[in-house]
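Step one of this worksheet: look at the structure below.
What follows draws every value from the coordinates through simple rules; no lab data is involved. Bear in mind the structure is a predicted one, so any value in this text is a computation, not a measurement. In this analysis, Cβ positions are derived from the backbone assuming ideal geometry, glycine residues included, and neighbour counts consider all displayed protein chains.
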Amino acid sequence: MNASNPEPEVPKDPYKLIKWLIWCYFLLLIYEGALRKWILPGLANPLLIVRDPVVILIYLLALSKGAFPDDGLVAWINGMGILTFLVSLVAGSGNILVSIYGWRTDFLHLPLIFLMGKVLNAKDVKRLCIGLLLTAIPMAFLVMVQFKSSPTAWVNAGVGGSEGGQLDVGFGKIRPPGTFSFTNGLANYVSLVAACLLYAVIERKYYPKWLLFSAAPAVMLMITISGSRATVSAVVVSVAFLALVCLRYPSYIGGSFKFVLLALPGLWLVMSLPVFQEGIMVHTKRFGEAGGGVQHGIVERTFSDYLNGIYAVADTPFFGMGLGMGTNAAAGMLGNGQRTFLLAEGEWERVVKEGGPVFGLGFLLLRVAMAAYIGLICMGALGRKNPLPLMILSACLLPVLNAQFGQPTALGFAVFGAGLCLGAVNEAVEAIPRLQPIRTLQRGPRGRSIHAEMLHGSK
């Protein structure tokens, strides 16, 4: 390096602290259930909103750096959030705590999707995908222990350390939740991990081979012993998206086939485990007559969740029952003593009954618009041979549309996955602006500094 022409100084990432907080959000999303069940069971209820302070701090930092998103969808979120909250106080439950919790459930986290899309780039997203794949190996071991253990075992404790707090699937087994409070968290987690794994299979150059060959059997084991039809169907959606990518770019097919061949020994080893066979037995029961079959158990159930929301318009007050009234937390706040669904179990029906025909349907339309916008962005990235956003979309598209936002884990995965989609699109845009090569400048007249020369030019 020539002393008279030094190398340009690499600028600092202005969003470094925000990115660290996004990592914090990610880790809390994965492990907040462990805090609520095992580590701090006495604080199970306050820990429901453990990620909220992180989100608020991210927003404050983004505002201070001029990075808070200001597009139309974010304005829609903020405007509808304010109006719905005010109407809820006047015409809803009248309980300000329930209304505040309902506002944070529906609106607080959604701008994070677009903020992640603004501050993250594809490299950041790939690092987060590696983090997810790293967690899959110990998570699979924990899920296996939970599946093999008694429903009343400590490892199968419910929220607050309650004994036998997980769902039974017969044969003396429970649906293992992993580190999450309930099994829906594991379903969302496995779906996102599987999407990252399938992307890594077709774009292996960024990912360590040992990680892929370890994560693949781990994901396969978790799917098999999850006892959850939602987990299986979510992974099927990701496989369908992978097929779409391979149809668009057939060159990916060869690499995928080669990976499967190389991974066969590990997959065969997992399939030979007794716990794998027990998992197949449980799924056979749940997908068979006892579980309602594929048509009734998955297809009809999925469509009914959407249709029930539309049907609910007819018997819902114009301004609804009030924000938060359909969440489990509201039951506890209103003194019912049990965490239950006061209005409806389905998400679309809950939203309509809380907000009424105008604000409820407006919020559902917002979620549809967000899903459509993110989908179009991801399809555009695929056209530039960047399949990462679309593969992540396979895990978060349905959660954005229909996840039960009243369950903090479901909300977290919908927001985090959608944010990763938008961040992964930024492959060709550097998150940190590159400085132009520094010219060799001579100190100007009247002792003008080099910095002034760069601003005004030499004369």
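Quick rundown of the values:
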item: Local electrostatic count at GLY412 - Lys and Arg +1, Asp and Glu -1, tallied over other residues with Cβ under 11 Å; result: -1
item: Whether the range 16-431 is rounded, prolate or oblate, judged on the alpha carbon gyration tensor where a/c under 1.5 counts as rounded; result: oblate
item: Residues whose placed amide H lies under 5 Å from that of SER181, excluding near-sequence neighbours; result: GLY33
item: The range 3-122: C-alpha gyration tensor shape, a/c 1.5 cut-off, then a/b vs b/c; result: oblate
item: Order of ILE49, ILE18 - criterion: other Cβ atoms within 10 Å of each residue's Cβ, fewest first; result: ILE49, ILE18
item: In order through the range 120-133: 3J(HN,Hα) via Karplus (6.51 cos²θ - 1.76 cosθ + 1.60), integer Hz, x for Gly, Pro; result: 9, 10, 4, 5, 4, 5, 5, 5, 5, 5, 4, x, 4, 5
item: Within-15-Å neighbourhood charge of TRP76 [Cβ basis; K, R +1; D, E -1]; result: -2
item: Residues whose placed amide H lies under 5 Å from that of ILE174, excluding near-sequence neighbours; result: VAL169
item: Cross-link reach list, lysines versus LYS173, counting only Cα pairs under 28 Å and skipping chain neighbours closer than eight places; result: LYS37, LYS148, LYS285
item: Listed peptides 390-398, 111-119, 250-258 by packing density, highest first (mean Cβ within 10 Å); result: 390-398, 111-119, 250-258
item: Candidates per trypsin sites (Lys or Arg not before Pro) in the range 44-105, loop by DSSP, up to 14 other Cβ within 10 Å; result: LYS65
